[in-house]
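To start, the structure under review is shown below, and the notes come after it.
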Ligand code: WQD
């Protein structure tokens, strides 16, 4: 099968592309490289010892998408491409709506024109807003607190309406919790140009690139007062996409998480213990828009996809540090 991976040189897209290729799929990567580097393509090829097709294309360029589909018989699409920084989306809502929504609409129109009607969409736990309770199930109420999250929710609604109108479309929505970790080779990992998320900021503090990790809020109603999240290893996430591809049929929705909540201090302590490093911390007030606790009930994916996260927090911390040491400039 030929799979188009949009955003395939990004953090989750690159790890998923490696796993797809190693499973025998033919992979075509489309990426505009706004938040990743073209060199990831050769890293993917060196890990898999195979080659793949790459198109430097922006989803706002409909002719560019048309070229990809006219030059390749694509069986299914895994759609990662999109802007994804929560804070930035509050500052630049128009850019986020245009890039994420218009880009997706362009992709869907070309897919339909070429009779390609299988899509796995990279959604996010952010569509649950402030959860009424934890763990979170797929049928929980949906709401968003920032433009980034709203683009994910709107795309879910577009895809739901498309499946209702055209029964030939098979769409699976995967709602990720907090992706972390790196490929065991240490050649691929999360290397954001402007780190916003906790794990890359822990790495920067451990490397001494920053004075200390800023802990946003120590007064949450959690066991140690810091925010609790469901951190999931990117390799488990990649395997979740393969399972989703193998079980497509109509509109399906799954949480991809571990079902366990880790606090900020839990993660810092694990990182220090596993890697034998110190992570200086400084306590600050809560970050705007953060929730106290957010972790998944992942039992539906286990029941219906036969998928379960297997990698633990220690491996998340170990693989992250291994990649950081290998990739630091
Ligand atoms: C995790 C915890 C912070 C940074 C976001 C998006 C979600 C997904 C993952 C894209 C919180 C605390 C963080 C720091 C800290 N992204 N923290 N100091 O906000 O749960 O989720 O990223 O798909 O959609 O919403 O992730 O890593 O930013 O924060 O104390 O320097 O770490 O307060 O409790 P978040 P995060």
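Taking the condition away from the ligand (no atom under 15 Å from the Cβ) and surrounded by fewer than 23 Cβ atoms within 10 Å (Cβ to Cβ), does residue 200 pass?
no
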Query raised in the report: Only one of (1) surrounded by 16 or more Cβ atoms within 10 Å (Cβ to Cβ); (2) assigned to a helix (DSSP H, G or I) fails for residue 255. Which number is that?
Result: (2)
Query raised in the report: Any residue in the range 77-86 that is more than 25 Å from residue 250 (Cα to Cα), touching a helix residue (DSSP H, G or I) at 6+ places or on another chain (Cβ under 9 Å), in a helix (DSSP H, G or I) and in contact (Cβ under 8 Å) with a residue 12 or more places away in the chain?
Result: yes
Query raised in the report: In the range 250-297, which residue that is touching a residue at least 12 places away in the same chain (Cβ under 8 Å) and on the phi > 0 side of the Ramachandran plot is nearest to the ligand (Cβ to nearest atom)?
Result: 289
Query raised in the report: Among the strands (runs of 3 or more DSSP E) contained in the range 136-230, which hold 2 or more residues that are within 19 Å of the chain's Cα centre (by Cα)?
Result: 170-176, 178-180
Query raised in the report: Taking the range 44-66, which residues are without any contact (Cβ under 8 Å) to a residue 40 or more places away in the chain, surrounded by 15 or more Cβ atoms within 10 Å (Cβ to Cβ) and in a loop (DSSP other than H, G, I, E, B)?
Result: 52, 57
Query raised in the report: Is one or more of the residues making up the range 137-144 within 12 Å of the ligand (Cβ to nearest atom) and free of Cβ contacts under 8 Å to residues at least 60 places away in the same chain?
Result: yes
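Rule-based calculations on the coordinates, nothing more; no lab input. Keep in mind the model is a prediction, meaning the values are calculated, not measured. Every residue, glycine as well, gets a Cβ built from its backbone with ideal geometry; the counts of neighbours run over all protein chains shown.
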